[in-house]
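Written below as structure tokens is the structure these notes are about.
The values are calculated or read from the model by the stated rules, or taken from the named source; none is laboratory data. Only a predicted model underlies this, so the values are computations on that prediction, with no experimental measurement involved. Heads up, the Cβs are rebuilt from the backbone with ideal geometry, glycines too, and the neighbour counts pull from every protein chain shown.
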Amino acid sequence: IVISRDKRDDFEDILEERRNSSDLRYALKCYTPVVYKGISPCKADALTNMVLQSSHLHYVISQVSKETGRAVDDVQDEASAILEEMAQRLQLSTIRFFAFTLSKVFKTLFRSICVNEEGIQRLQQAIQEHPVVLLPSHRSYMDFLLMSYLLYTYDLALPVIAAGMDFMGMKFVGEMLRMSGAFFIRRSFGGDKLYWAVFSEYVKTMLKNGYAPVEFFLEGTRSRTSKSLTPKLGLLNIVMDPFFKGEVFDMSLVPVSISYERILEESLYAREMLGVPKPKESTSGLFKARKVLSQNYGSIHVYFGQPVSLRSLAEGRVNRSQFSLVPRHIPKRPSEEIQNFVNDSAYMLVRAQEENMVLKPWVLLASLLLQNHHQSQAPGQKPGMALDELTERVVWLRDLSRQYGAFLHWPGTSRSADTTPEEELLSRAVIVLSCASYRNQALHVFLRPALLALAIHAAASTKKQEVFYSFSFLRNMFSNEFILVPGATVQDFEEACYLLVKTGALQITQQEVLVTERGHRTIVFLTSMLDPFLQGYQVRATHSWSKSL
Amino acid sequence: MTKCVTLISVLTLNLLATPFWQILILIMEIMKWNGWGYSDSRFFFNKKGQAEFTGKRYKLSGLIIPALKDWFESTFGASLQHKTPATPILNSSAVHPPTLNETFVEELKSTGIPFSHDAEDRVFRAHGHCLHEIFALREGKFGRVPDMVIWPNCHNDVVKVVELASKHNVCLIPYGGGTSVSSALECPPEETRSIVSLDTSQMNHILWIDEKNLTAHVEAGIVGQDLERLLNESGYCTGHEPDSMEFSSLGGWVATRASGMKKNIYGNIEDLVVHIKMVTPRGVIEKSCQGPRMSTGPDIHHFIMGSEGTLGVVTEVTMKIRPMPEYQKYGSVVFPNFEQGVACLREVARQRCAPASIRLMDNEQFKFGHALKPQVSSIFTSFLDGLKKFYITKFKGFDPNRLCVATLLFEGDRERVLQHEKQVYDIAAKFGGLAAGEDNGQRGYMLTFVIAYLRDLGMDYYVIGESFETSVPWDRVLDICQNVKERIVRECKDKGVQFPPLSTCRVTQTYDAGACVYFYFAFNYRGLSDPVHVYEQVEHAAREEILANGGSLSHHHGVGKLRKEWMRETVSSVGLGMLKSVKDFVDPNNIFGNRNLL
């Protein structure tokens, strides 16, 4: 098994230049992005026409008309209306407006915005060769504005972005987002054939014609816990379709990892999880939220990952000739082969996002503090931890995570952590959950070894087979909690073994899995890492159990 | 030298009638043994570095082609300094001595049917025209070749040969014109029996012409151009003109399901045959009457057509004939881009008004066609050419790097042809097409016959290439062209080819529900240690791409051994089983053991 991560690129702070030169000139700069195969750009209107005239949509419209008895024109009008509601209207002037205002905002909020420029170069290359799909991680509302801002900065083609309908409710802002390339989709449209047809045709048309890179969030929604969400497959299915059907030669899928030192919405999320309702997206809400402007949110790291060629991904896994027996414009439920492929690719891509997430020292601190916090809940324990001890443990953990391939960003000089006075229970919970959210950023690094550690702990004996069963059980149980590629149990087990042996925590013989003397500490840390989740599941299970009695 | 060797070999047979000698000697003398076509016709670069085409047989013969060198060097990165000449003479000692089945040979002698086990005769019939076959010949390398060659003179001779072969368990491989591009003629290396090449070339007579029913009964060894010439003498034609018609035979057409350039008027081979006679190890298969259509279960002709020599030898065929057309007219249309061109062809097919032939070349082929323009005879024509070019590229706003051209051939009585022509040009105009004259059209069709000679020229200078074809539904034509061309470029790069390849295509036939697409692919192999292997890998990948894009395994070249790995997925397991059970019944001992298709 191979765990060695490719050498990662260096970062460049783009805010530095913004602090030293005119934002206005930057917003008005000459913007001439390279385009896919030198295609001549078409207007947003031409795009909607192409969609409305596509044979796919024609087919579905007549089908719907037959099924419901409505007149074709009527259904056609509905389709136009859906498209009207959905379509983006990317305008350079709006982008320039955002370029200006966001420069101001970013400079106030963040210390730095760091981007791997080699990734940008790779992306630029990819855009010229094949249609591109941008797949950023999703932790904050900021994500897509930030993405467009970056692409504008580097003179790359601006993406069109799949956004939730909730934004559209915001007066003015919704329209602004639309004019900066967002297109809006309803959160649920289950059996609505027509909606699905308009939506999928719209996305495919933009993609096939190389109109613009298509951007969407694999996780579907913002992760409130900084832990990657299991991927949603709908959009990925749609974008892959033109390749399966031979309408494009290839397609580049570009995972983008956006790591925030501190997420704008952090306490909001924690409150949300404690049951305080999520404020509805509204323009006035946005204005109220401007108090965030007075705070410091540290730095952002944006890592543009290696573009993944869909063609190479599908090589040997998808037999594209299965699409040659039905006209391509007739929508068909994907075969099991395709579904599995899309699912696996989605997991693979989310893992690629995770791998290039930058971890700050605070993330490791949070992991340790939380473990300490949980343990010190026991009566008779004094809360807190001596700074010396904490420092020593963090340094240990830093080395461990490096060996596990974590992408650490460790500053040269350490700053002392602020201590917050404990107030009432809610605010404490908020802090704990925010902390958890920090810890979660590092989860993917420790996940597989931690599952193994827990498995060793839980297994009836040290027999390799028993440990594997226990590992497999735990992995299964957590399959919706973490990003665990379906069907990859053996690989994950081997990876975990490899890592733990590498760090000297385990000894593995033909038959047995043994914890070494010095490995004890690692094992305890790793088991504790999963403790909160295990406890959570336990509480939930007991609850359901007592209810079912 | 050739003549001498052949003479001796013929003399050793010492039971031959004089006319046969002459024919045999003639064939061996006038055809190349390690390249395409006639020995006297070939391209070469003269001392001034200009390309010339030798001989007297073609319109291009004896002419200088000034632009070819530049095109050749710039397209392939090739240089006239870097030569890779072929081994000039067939070295008979490099050919494995024949494995003869003595009792078979003894009994054969008593029938009086001519045969030979001369090395040159055997090598000549051991290959088709796939790149790897010609490449090996040029290097003087011979694999497994037939152990002897037999020349039956008529149907009854074939019956005798097949009976003897069955009796003595000898492997028979039928040989017609030798123009196969599917490795169909290659001897299976694992074959341990004596392999006999059954050359049908002496069965080349028109047995009768029936003017009441417009049919002709013809021996299957006849070569396309002879068949047309002989029929023309009586005022008829079959209209079946595959690009290989100078050399390919009627029996070969039937055995591979051939398609002709003018199928829009005359039909493909399956539309042209009325009756087929084939000799199999089980006996002779034929229908009892010549009714134009029958409902008598599955058509047994369809077991024969496309059987690729695995079931028996086609000996006689009754074919439809037509009165020779009164009038023929070439034409051409320039389109601003390939997409528009395809759209126009689709519309022509929709209106079912396709001319005898309509072909659309992409931009690269258009440029290639231009590079093959012979030196102009007068200042005036070149002036006109310049004017035309100016009109198309500047005035009409066509981009010379995107435009493409369709070539047309109309046939029929004069009035109808002119009417038809107008109809097609009107449709073309709707797709931005601009009539570009008869000359361009005619040159397009002439190139069909000389293009195979060009491969030999390329092979003199490190350039190897080939063409392959497919058929595909209309809605997929553009995508398949784009994807396959790109796949070729990509694969070449991945496999270490140092120079960008030529990867081009054309749409050569239109049908109601789709089209036939031809791909041409060639590259400069300098710096590669095993160019043929690289070539084969790229072609394999291109075929995978074709299948992934909804294209067929073959439109008319057939499967042979080159493409048989894809047969199961192409016709399903049940389909393959059906074909196998036919083979098992007809030829249980695998006498026709060329191992094609299945």
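Restricting attention to the stretch B:313-328, does a residue exist that is out of contact with any strand residue (DSSP E or B) (no Cβ under 9 Å at 6 or more places or on another chain), closer than 24 Å to B:LEU164 by Cβ and either of a type outside the set (Asp, Glu) or modelled with pLDDT under 95 (or both)? Taking every residue of the stretch B:313-328 in turn, none turns out to be out of contact with any strand residue (DSSP E or B) (no Cβ under 9 Å at 6 or more places or on another chain), closer than 24 Å to B:LEU164 by Cβ and either of a type outside the set (Asp, Glu) or modelled with pLDDT under 95 (or both).
Condition check: free of Cβ contacts under 8 Å to residues at least 24 places away in the same chain, in the same structural domain as A:LYS227 (by the TED database) and not hydrophobic (A, V, I, L, M, F, W, C). Does A:GLN121 satisfy that? Answer is yes for this residue. For the stretch B:500-537, a residue qualifies if it is surrounded by 24 or more Cβ atoms within 10 Å (Cβ to Cβ), outside any strand (DSSP E or B) and aliphatic (A, V, I, L, M), but none of them does.
Filtering B:ARG476, B:ARG443 for residues that are in contact (Cβ under 8 Å) with a residue 60 or more places away in the chain, more than 14 Å from chain A (Cβ to nearest Cβ) and basic (Lys, Arg) leaves a single hit, B:ARG443.
When the residues of the stretch B:523-550 are filtered to those that are in contact with a Gly (Cβ under 8 Å, 6 or more places away or on another chain) and under 20 Å from A:GLU315 (Cα atoms), the one that is farthest from the other protein chains (Cβ to nearest Cβ) is B:VAL534. When the stretch B:414-449 is filtered for residues that are among the β-branched types (Val, Ile, Thr), at pLDDT 95 or above and out of contact with any Lys or Arg (no Cβ under 6 Å at 6 or more places or on another chain), the ones remaining, listed by number, are B:VAL424, B:ILE427. Every residue in the stretch A:313-365 that is within 14 Å of chain B (Cβ to nearest Cβ), part of a helix (DSSP H, G or I) and either small (Gly, Ala, Ser) or in contact with a Phe, Trp or Tyr (Cβ under 8 Å, 6 or more places away or on another chain) (or both), please. Within the stretch A:313-365, A:ALA314, A:ARG320, A:SER321, A:PHE323, A:SER324, A:ILE338 qualify. For the stretch A:207-214, check the following and say yes or no: at least one residue is assigned to a strand (DSSP E or B), crowded, with 19+ Cβ neighbours inside 10 Å and of a type outside the set (Asp, Glu). Yes, some residue in the stretch A:207-214 is assigned to a strand (DSSP E or B), crowded, with 19+ Cβ neighbours inside 10 Å and of a type outside the set (Asp, Glu). Within the stretch A:312-326, the set of residues being without any contact (Cβ under 8 Å) to a residue 40 or more places away in the chain and surrounded by 14 or more Cβ atoms within 10 Å (Cβ to Cβ) comprises A:ASN319, A:SER321, A:GLN322, A:SER324. Just for the stretch A:55-103: of the residues that are part of a loop (DSSP other than H, G, I, E, B) and aliphatic (A, V, I, L, M), which one is nearest to A:ALA163 (Cα to Cα)? Within the stretch A:55-103, the match that is nearest to A:ALA163 (Cα to Cα) is A:ALA87. Counting the residues of the stretch B:204-226 that are within 19 Å of B:MET305 (Cα to Cα) and within 22 Å of the chain's Cα centre (by Cα) gives 7.
Does the stretch A:539-549 contain at least one residue that is under 21 Å from A:SER437 (Cα atoms) and part of a helix (DSSP H, G or I)? Within the stretch A:539-549, one or more residues are under 21 Å from A:SER437 (Cα atoms) and part of a helix (DSSP H, G or I).
Residues that are closer than 18 Å to A:LEU156 by Cα, assigned by the TED database to the domain that holds A:ILE161 and of a type in the set (D, E, K, R): does the stretch A:92-100 have at least one? For the stretch A:92-100, residues closer than 18 Å to A:LEU156 by Cα, assigned by the TED database to the domain that holds A:ILE161 and of a type in the set (D, E, K, R): present. Residues that are among the basic types (Lys, Arg) and either within 17 Å of the chain's Cα centre (by Cα) or at pLDDT below 90 (or both) within the stretch A:225-245 comprise A:LYS227, A:LYS232, listed in sequence order. In summary, B:VAL497 fulfils each of the numbered conditions (1) within 14 Å of another protein chain (Cβ to nearest Cβ); (2) at pLDDT 95 or above; (3) outside any helix (DSSP H, G or I) with the single exception of condition (1). Filter the stretch A:393-430 down to residues that are modelled with pLDDT under 70 and part of a helix (DSSP H, G or I) and give me whichever is farthest from A:TYR297 (Cα to Cα). It comes out as A:LEU425. Based on this model, can you work out whether B:GLU469 counts as surrounded by fewer than 23 Cβ atoms within 10 Å (Cβ to Cβ), away from chain A (no Cβ under 12 Å) and in a helix (DSSP H, G or I)? Spelling it out, it is not the case that B:GLU469 is surrounded by fewer than 23 Cβ atoms within 10 Å (Cβ to Cβ), away from chain A (no Cβ under 12 Å) and in a helix (DSSP H, G or I). When A:LEU92 is tested against (1) closer than 19 Å to A:LYS43 by Cα; (2) surrounded by 15 or more Cβ atoms within 10 Å (Cβ to Cβ); (3) of a type in the set (A, V, I, L, M, F, W, C), only condition (2) is not met.
Scanning the stretch A:455-506 for residues that are under 21 Å from A:LYS227 (Cα atoms), among the aliphatic types (A, V, I, L, M) and assigned to a loop (DSSP other than H, G, I, E, B) yields a total of 4. Taking the criterion of being among the small types (Gly, Ala, Ser) and within 14 Å of chain B (Cβ to nearest Cβ), the only residue of the stretch A:226-247 that qualifies is A:GLY246.
Within the stretch B:103-136, the set of residues being of a type in the set (Asp, Glu) and touching a strand residue (DSSP E or B) at 6+ places or on another chain (Cβ under 9 Å) comprises B:ASP118, B:ASP121. Filtering the stretch B:273-282 for residues that are closer than 23 Å to B:VAL586 by Cα, free of Cβ contacts under 8 Å to residues at least 60 places away in the same chain and assigned to a loop (DSSP other than H, G, I, E, B) leaves an empty set.
So is B:PRO292 farther than 23 Å from B:LEU207 by Cβ and either touching a helix residue (DSSP H, G or I) at 6+ places or on another chain (Cβ under 6 Å) or surrounded by fewer than 24 Cβ atoms within 10 Å (Cβ to Cβ) (or both) or not? Here the answer is no, as B:PRO292 does not meet what is asked. Looking only at residues of the stretch B:389-417 that are without any contact (Cβ under 8 Å) to a residue 24 or more places away in the chain and not aromatic (Phe, Trp, Tyr), we find that the one that is farthest from B:MET324 (Cα to Cα) is B:LYS394.
All of (1) within 30 Å of B:VAL223 (Cβ to Cβ); (2) at pLDDT below 95; (3) over 23 Å from the mean Cα position of the chain (by Cα) hold for B:VAL376 with one exception: (1).
For the stretch B:469-506, filtered to residues that are aliphatic (A, V, I, L, M) and in contact with a helix residue (DSSP H, G or I) (Cβ under 8 Å, 6 or more places away or on another chain), the residue that is nearest to B:ASN337 (Cα to Cα) is B:LEU478. Being modelled with pLDDT of 95 or more, in contact with a Leu (Cβ under 6 Å, 6 or more places away or on another chain), farther than 30 Å from B:LEU408 by Cβ and buried (at least 23 other Cβ atoms within 10 Å of the Cβ) is the requirement here; does B:PHE592 meet it? The answer is yes for B:PHE592. Of everything in the stretch B:551-568 that is touching a residue at least 24 places away in the same chain (Cβ under 8 Å), surrounded by fewer than 23 Cβ atoms within 10 Å (Cβ to Cβ) and within 11 Å of another protein chain (Cβ to nearest Cβ), the residue that is farthest from the chain's Cα centre (by Cα) is B:SER552.
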